[in-house]
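A.B. asks: This is the structure, below, for whatever I ask next.
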Amino acid sequence: MTQALLIVVEKVKQGLIAGKKAEVVFFDFTDAFGRVDRKCLLYKMAKEFGITGKLFLHVSSFLTNRFARVKVNGQFRD
């Protein structure tokens, strides 16, 4: 994780030095969508927040056919 962050920082720095604009979006998917209607979430991302293109496709792909489990007292629960 640290190496990935350093790479992003370096790319942003290089872009800014070259006079380009830089935008970065970070997501923490750690149990973020366990109880959320994923179709509704994707709809809101596209319609209300204007997230489209590769970023939308990446998030959509990440949320599709995923399962969440919780470990309680050593046992997994779906």
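A.B. asks: Test of understanding: among Thr52, Thr64, which residue is out of contact with any Lys or Arg (no Cβ under 7 Å at 6 or more places or on another chain), over 22 Å from Leu5 (Cβ atoms), modelled with pLDDT of 90 or more and not hydrophobic (A, V, I, L, M, F, W, C)?
C.D. replies: Within the list Thr52, Thr64, the selection yields Thr52.
A.B. asks: Which numbered condition trips up Ile17, out of (1) surrounded by 10 or more Cβ atoms within 10 Å (Cβ to Cβ); (2) modelled with pLDDT of 90 or more; (3) among the β-branched types (Val, Ile, Thr)?
C.D. replies: Ile17 satisfies every listed condition except (1).
A.B. asks: Name the one entry in Asp78, Asp37, Asp31 that is at positive phi, out of contact with any Leu (no Cβ under 6 Å at 6 or more places or on another chain) and at pLDDT below 85.
C.D. replies: Asp31
The values are calculated or read from the model by the stated rules, or taken from the named source; none is laboratory data. All values reported here derive from a predicted model rather than from experimental measurement. Please note: Cβ atoms are built from the backbone with ideal geometry, for glycine as well, and neighbour counts cover all protein chains shown.
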